[in-house]
1. What ranking of VAL111, VAL20, VAL152 comes out by heavy-atom accessible area, probe 1.4 Å, highest first?
2. Not counting ligands, DNA or RNA, and with a 1.4 Å probe, what is ARG107's accessible surface area in Å² rounded to the nearest 10?
3. In a shell of Cβ-Cβ distance under 13 Å around ARG132, excluding ARG132 itself, what net charge do Lys and Arg (+1) and Asp and Glu (-1) give?
4. Cα to Cα, under 20 Å, and not fewer than 8 places away if on the same chain: which aspartates and glutamates meet these conditions relative to LYS161?
5. May I ask for the net charge around ARG107, where only other residues with Cβ less than 15 Å from the Cβ of ARG107 are counted and Lys, Arg are +1 while Asp, Glu are -1?
6. Quick one: pull the percent of accessible area on the stretch 15-56 belonging to carbon and sulfur, 1.4 Å probe, ligands and nucleic acids left out.
7. Per residue, how many Å² of accessible area does the stretch 22-122 show with a 1.4 Å probe?
8. Cross-link candidates for LYS137: which aspartates and glutamates have Cα within less than 15 Å, leaving aside residues fewer than 8 places away along the same chain?
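The values are calculated or read from the model by the stated rules, or taken from the named source; none is laboratory data. On a predicted model such as this, the values are computed, not experimentally measured, just so you know. Note that we place each Cβ from the backbone using ideal geometry, even for glycine, and neighbour counts take in every protein chain shown. Keep in mind that these areas ignore ligands, DNA and RNA; they rest on the heavy atoms of the full protein, side chains included. Shrake-Rupley method; radii C 1.70, N 1.55, O 1.52, S 1.80 Å.
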Amino acid sequence: MKDKISENRIHGFTLIEALVAIAILLIGVLGPMTAATRGITDGFSAGNQLMATYLAKEGIELVAAKIRSNFSSGQDWLYELDSCTTADCGVDVLINSFSACGACESRYDTVSGLYKSYNPSDSNQQGPIFARKIKLKIQSAGSLAVDKEMEVSVTVSWSDKTGSHNVSLIDYVYNPQ
């Protein structure tokens, strides 16, 4: 009789053994899954940061292009950029028009392939909303305005699953006259 009871115990698993085996398997599977998920999230964050840096650099280049355009057309070098010297402004890249920050938010448009002013009703716009703000500051020497050098400061901010972020770039442009 004793042999039959001990023989049955040898062939089966106890509940505790089964729970320990399941716990070990969970730890072995969840660890790599967590690392993979974190890697994917970090990849999207890095992509957004790279895009924000490109948008900030584009903002600086658009200001420089506007100054060159003003110079070649015989206008004052700050023509149509006055609003950017007193407050943050944005630029509509499709028409290269600078304005007060009503149109600072932009999102990728799959039809045009550009980051353009954000329109909530446009289903072709995808990805996070980037807010680009451009500020121009005339450099001065003492009490007299030099009027030959200008600081261009561009800040691009956005929010994603990891929180709120921003990228700021500063460059200097010069009066070509």
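1. Values: VAL111 110, VAL20 80, VAL152 0 Å².
Final ranking, largest accessible area leading: VAL111, VAL20, VAL152.
2. 50 Å²
3. Details: positive: LYS57, ARG107, LYS116, LYS133, LYS135; negative: GLU58, GLU61, ASP88, ASP92, GLU105.
Around ARG132, the charge tally is 0.
4. Within reach: ASP42, GLU105.
5. Values: positive: LYS116, ARG132; negative: GLU58, ASP92, GLU105, ASP109, ASP122, ASP160.
Result for the local shell: -4.
6. Working: 2530 of 3140 Å².
Result for the stretch 15-56: 80 percent of the exposed heavy-atom area is carbon or sulfur.
7. Values: 6010 Å² over 101 residues.
It amounts to 59 Å² per residue over the stretch 22-122.
8. Cross-link targets: GLU80, ASP82, ASP88, ASP147, GLU149, GLU151, ASP171.
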